[in-house]
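Q: Please read through the structure below; I'll follow up with questions.
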Amino acid sequence: MKVIVSDEIESVCPGFVGACLEANVVNSQYCEELWKEIEAMSEHYRETLTTESLKQIPSIEATRRVYRACGKDPSRYRPASEALIRRMLKGKKLYQIDTLVDLINLASIAYGYSIGGFDADKFQGDTLTLGVGKSGEPYEGIGRGLINIEGLPVYRDSKGGVGTPTSDNERTKIGLGTTHLVVLINGYDGDEKRVRENAEYIQQLIRKYCQSDGGTYYIYK
């Protein structure tokens, strides 16, 4: 899958660094060992963060800054990584969806990057472009119905939007039958080293829990 960063994003975040990971996987409904890792991460954050201090995590702070630059209120449309960690800090459990979604959520909270996970067989075409949402642009967020993506960074395939840092699209969502995974890591903080570490962490997780060889990833800017 080829990913193009548009001039719109370049203008508000010239240091943007992304990673695209592609792998063959076997999904499952639930993985107990994975959830032990998630619970350990939750406990660590409850001991070390507050709902205010988490905004200062560089990867989250940078995403919030880009939201504002694009015209979106990051406290109303929270980046997914921030929303997941906030949920844990409030003593709530993360939603249990399936193993692929759950491990992508773990990777997101571990590094603070908003990460898109997709069933690659549902894409239209072989190129994704990262741009900014337009007024009235149709977009159905997973479990959210139609949402207003004007001013949100958005990945589009040849048919339309598939992912934002707030919510991915129902059309390309992961399911139990997903075997061809694409993951997009959004490094609005420009830290290529941590983006690579995050991608390699996801590779470790899918090797452990999804009968995968880890696939491959590349960096895009």
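The values are calculated or read from the model by the stated rules, or taken from the named source; none is laboratory data. The shown structure was predicted, so the numbers you read here are calculated from the model rather than taken from an experiment. No Cβ is skipped: glycine too gets one built from the backbone with ideal geometry, and neighbour counts run over all protein chains shown. The area values use the complete protein model at the heavy-atom level, side chains included, leaving out ligands, DNA and RNA. Shrake-Rupley method; radii C 1.70, N 1.55, O 1.52, S 1.80 Å.
Q: Say whether the condition of being under 14 Å from the mean Cα position of the chain (by Cα), free of Cβ contacts under 8 Å to residues at least 60 places away in the same chain and more than 17 Å from residue 16 (Cα to Cα) is met by at least one residue in segment 123-141.
A: Step one: of segment 123-141, the residues under 14 Å from the mean Cα position of the chain (by Cα) are 130, 141.
Remaining after also requiring free of Cβ contacts under 8 Å to residues at least 60 places away in the same chain: 141.
Still in the list and also more than 17 Å from residue 16 (Cα to Cα): 141.
For segment 123-141, residues under 14 Å from the mean Cα position of the chain (by Cα), free of Cβ contacts under 8 Å to residues at least 60 places away in the same chain and more than 17 Å from residue 16 (Cα to Cα): present.
Q: In segment 86-109, which residue that is over 21 Å from residue 196 (Cα atoms) and among the aliphatic types (A, V, I, L, M) is least open to solvent (accessible area, probe 1.4 Å)?
A: Taking the candidates together, the pick is 88.
Q: Let me ask you something else. Pull out all pairs, ordered by first then second residue, where Cβ-Cβ is under 8 Å, the residues are six or more apart or on different chains, the first lies in segment 1-14 and is open to solvent by 80 Å² or more (accessible area, probe 1.4 Å), and the second is assigned to a strand (DSSP E or B) and not basic (Lys, Arg).
A: So the pair list comes out as 2/127; 2/128.
Q: Oh, and also: Residue 151 - would you say it is touching a Ser or Thr at 6+ places or on another chain (Cβ under 8 Å), open to solvent by less than 20 Å² (accessible area, probe 1.4 Å) and of a type in the set (Gly, Ala, Ser)?
A: Details: touching a Ser or Thr at 6+ places or on another chain (Cβ under 8 Å): no; open to solvent by less than 20 Å² (accessible area, probe 1.4 Å): yes; of a type in the set (Gly, Ala, Ser): yes.
No, not satisfied.
Q: Evaluate the following for residue 17: is it at negative phi, open to solvent by less than 70 Å² (accessible area, probe 1.4 Å) and in contact with a Ser or Thr (Cβ under 9 Å, 6 or more places away or on another chain)?
A: In short, no.
Q: Considering only segment 149-158, state which residues are assigned to a loop (DSSP other than H, G, I, E, B) and without any contact (Cβ under 8 Å) to a residue 40 or more places away in the chain. Can you show your working first?
A: Of segment 149-158, the ones assigned to a loop (DSSP other than H, G, I, E, B) are 149-152, 157-158.
Result: 149, 157, 158.
Q: Only residues that are out of contact with any Ser or Thr (no Cβ under 8 Å at 6 or more places or on another chain) and open to solvent by less than 10 Å² (accessible area, probe 1.4 Å): list them for segment 64-85, please.
A: If the condition is that a residue be out of contact with any Ser or Thr (no Cβ under 8 Å at 6 or more places or on another chain) and open to solvent by less than 10 Å² (accessible area, probe 1.4 Å), then 66, 67, 85 are the ones that fit.
Q: Now, a different point. May I ask you to verify whether residue 143 is among the small types (Gly, Ala, Ser), within 14 Å of residue 174 (Cβ to Cβ) and assigned to a loop (DSSP other than H, G, I, E, B)? Reasoning before the result, please.
A: Values: among the small types (Gly, Ala, Ser): yes; within 14 Å of residue 174 (Cβ to Cβ): yes; assigned to a loop (DSSP other than H, G, I, E, B): yes.
Yes, satisfied.
Q: Take the conditions open to solvent by 40 Å² or more (accessible area, probe 1.4 Å), closer than 26 Å to residue 24 by Cβ and not in a strand (DSSP E or B) and apply them to residue 125. Does it pass? Even if it seems obvious, please write down each step before you answer.
A: Details: open to solvent by 40 Å² or more (accessible area, probe 1.4 Å): yes; closer than 26 Å to residue 24 by Cβ: yes; not in a strand (DSSP E or B): yes.
So residue 125 fits the description; yes.
Q: Let me ask you something else. For segment 123-153, give me the residue count where each residue is under 16 Å from residue 72 (Cα atoms) and of a type in the set (S, T, N, Q).
A: Residues flagged as under 16 Å from residue 72 (Cα atoms) and of a type in the set (S, T, N, Q) within segment 123-153 amount to 2.
Q: Which residues, counting only those in segment 29-44, are open to solvent by 40 Å² or more (accessible area, probe 1.4 Å) and either of a type in the set (Ser, Thr, Tyr) or over 28 Å from residue 94 (Cα atoms) (or both)?
A: Scanning segment 29-44 gives a single hit, 30.
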